[in-house]
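First comes the structure, then the notes that go with it.
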Amino acid sequence: MSVVAQLIVNGIIAGSTYALVAIGLTMVFGILHFINFSHGELVMIGAYFTFALISMELSLPIAISIALLLVVLIGLTTDIMVFKPLRNQKVDSLSLLIASIGVSIVLQSLAQLCWGRDIKVFDLPPATPIEFFGASITLVQIVMIFTAAITMFLLFAFLNFTRIGTALRATSDNEEMARVVGIDNDRVLMVLWIISSSFAAIGGILIGINTNLQIGMGLLILIKALAAIIIGSVGNIRGALIGGMVIGLTENFALIALPSQYKDAVAFTIMILVLLLKPEGIFGYKERIG
């Protein structure tokens with residue numbers, strides 16, 4: 001087995017899930033101009049809902065479908081009950097960010113009440129590794145990569161070939177002009193939260209199936225997604241995709257020189273370096289959906 005091939009495969013698996021989470025995060029920032037810290041908890045809750053539903057002996061596809069729906073409802077509810085009233089009061093981005101931290105703490109506390117702090121593992125059949133160009137990969141991990149790729153492809157098609165997708169991009173470019181030409185802002189924001197929450201849930205489910213579930217997993221994934229969108233220019237979906245892959249590959253290749261317990265520090269180091277050297281990110285512009 002080639003070490004380099006294995007690190008590339010591991011990096012793509014991790015990077016694809018980081019990219020999914022980062023895309024939802026960057027879309028919210030691109031239109032509403034704040035970092036939604038509760039996005040990480042939607043990742044965690046998506047994984048836990050799926051775990052709980054499978055424990056009720058539902059099949060994996062049905063469990064994932066219900067978990068996705070529940071996470072979307074939570075995302076929409078937080079907007080209706082917290083963020084929308086604050087936006088109506090014309091508060092600044094810092095206030096929205098602080099409110100999202102509060103929502104994050106509430107969601108994590110509720111999750112802890114429901115499932116405790118013990119690490120959970122999906123009760124799935126043991127995976128048989130497959131040799132692929134010198135690397136070892138399981139069928140579940142192959143499904144993870146394809147799921148992430150198909151989900152991102154569908155999003156790009158939605159944004160570029162549907163009217164509501166065009167409205168989302170127009171609102172991201174210039175919200176006031178979008179209103180002037182008759183775009184329904186409430187409808188656009190509802191679609192935004194549905195997409196953002198769905199991507200968080202899918203990312204969380206894939207991570208949970210591939211590794212395990214912990215109540216604190218949302219914050220760690222959020223920080224990596226945040227690093228990804230900073231690398232790829234905040235508000236840029238393609239940038240979030242590339243940034244997620246950069247984080248996934250870099251933290252895995254760092255294992256050549258560093259013990260595994262330092263793996264998570266790589267994302268923070270990259271984020272700090274990008275902020276110091278190229279704060280606008282690799283695409284060089286900010287706050288654009290698409």
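For ILE8, state whether it is of a type in the set (Val, Ile, Thr) and touching a strand residue (DSSP E or B) at 6+ places or on another chain (Cβ under 8 Å). Here the answer is yes, as ILE8 does meet what is asked. Within the stretch 76-89, residues that are under 13 Å from SER197 (Cβ atoms) sit with their Cβ atoms under 7 Å from residues that are polar (S, T, N, Q) and buried (at least 17 other Cβ atoms within 10 Å of the Cβ), at 6+ positions apart or across chains, in these pairs: THR78/SER38.
Screening CYS114 against (1) in contact with a helix residue (DSSP H, G or I) (Cβ under 8 Å, 6 or more places away or on another chain); (2) touching a residue at least 60 places away in the same chain (Cβ under 8 Å); (3) within 16 Å of HIS39 (Cα to Cα) leaves a single unmet condition, (3). Checked against the criteria, VAL143 does not count as under 23 Å from ILE202 (Cα atoms) and in contact (Cβ under 8 Å) with a residue 24 or more places away in the chain. The residues in the stretch 58-79 that are surrounded by fewer than 16 Cβ atoms within 10 Å (Cβ to Cβ) and over 21 Å from the mean Cα position of the chain (by Cα) can be counted, and the count is 2. The single condition among (1) among the small types (Gly, Ala, Ser); (2) within 25 Å of PHE34 (Cα to Cα); (3) touching a residue at least 40 places away in the same chain (Cβ under 8 Å) that GLY165 does not meet is (3). On inspection, ALA47 does not qualify as open to solvent by 20 Å² or more (accessible area, probe 1.4 Å), under 19 Å from GLN108 (Cα atoms) and either in contact with a strand residue (DSSP E or B) (Cβ under 9 Å, 6 or more places away or on another chain) or touching a residue at least 40 places away in the same chain (Cβ under 8 Å) (or both). At least 3 residues being under 30 Å from LEU113 (Cβ atoms) and open to solvent by less than 30 Å² (accessible area, probe 1.4 Å) is the threshold, and among the helices (runs of 4 or more DSSP H) wholly inside the stretch 172-290 those reaching it are 185-210, 217-231.
With farther than 16 Å from VAL72 by Cα and either modelled with pLDDT of 90 or more or among the charged types (D, E, K, R) (or both) as the only criterion, which of LEU192, LEU222 stands out? Of the residues listed, the single one that is farther than 16 Å from VAL72 by Cα and either modelled with pLDDT of 90 or more or among the charged types (D, E, K, R) (or both) is LEU222. Just a yes or no: is a residue in the stretch 147-155 surrounded by 15 or more Cβ atoms within 10 Å (Cβ to Cβ), under 21 Å from the mean Cα position of the chain (by Cα) and closer than 22 Å to VAL121 by Cα? Yes - at least one qualifying residue is present in the stretch 147-155.
Before we move on, is ARG169 open to solvent by 90 Å² or more (accessible area, probe 1.4 Å) and among the basic types (Lys, Arg)? For ARG169, the condition - open to solvent by 90 Å² or more (accessible area, probe 1.4 Å) and among the basic types (Lys, Arg) - is not met.
GLY24 satisfies every condition listed in (1) touching a residue at least 24 places away in the same chain (Cβ under 8 Å); (2) open to solvent by less than 60 Å² (accessible area, probe 1.4 Å); (3) more than 28 Å from ILE230 (Cα to Cα) except (3). Answer yes if at least one residue in the stretch 125-139 is within 23 Å of MET27 (Cβ to Cβ) and either open to solvent by 50 Å² or more (accessible area, probe 1.4 Å) or of a type in the set (Asp, Glu) (or both), and no otherwise. No: zero hits. Of the residues in the stretch 15-24, at least one is under 20 Å from ARG187 (Cα atoms), in contact with a Leu (Cβ under 7 Å, 6 or more places away or on another chain), of a type in the set (A, V, I, L, M) and modelled with pLDDT of 90 or more.
The values are calculated or read from the model by the stated rules, or taken from the named source; none is laboratory data. No experiment lies behind these values; they were computed from the predicted model shown. Please note: Cβ atoms are built from the backbone with ideal geometry, for glycine as well, and neighbour counts cover all protein chains shown. Keep in mind that these areas ignore ligands, DNA and RNA; they rest on the heavy atoms of the full protein, side chains included. Shrake-Rupley method; radii C 1.70, N 1.55, O 1.52, S 1.80 Å.
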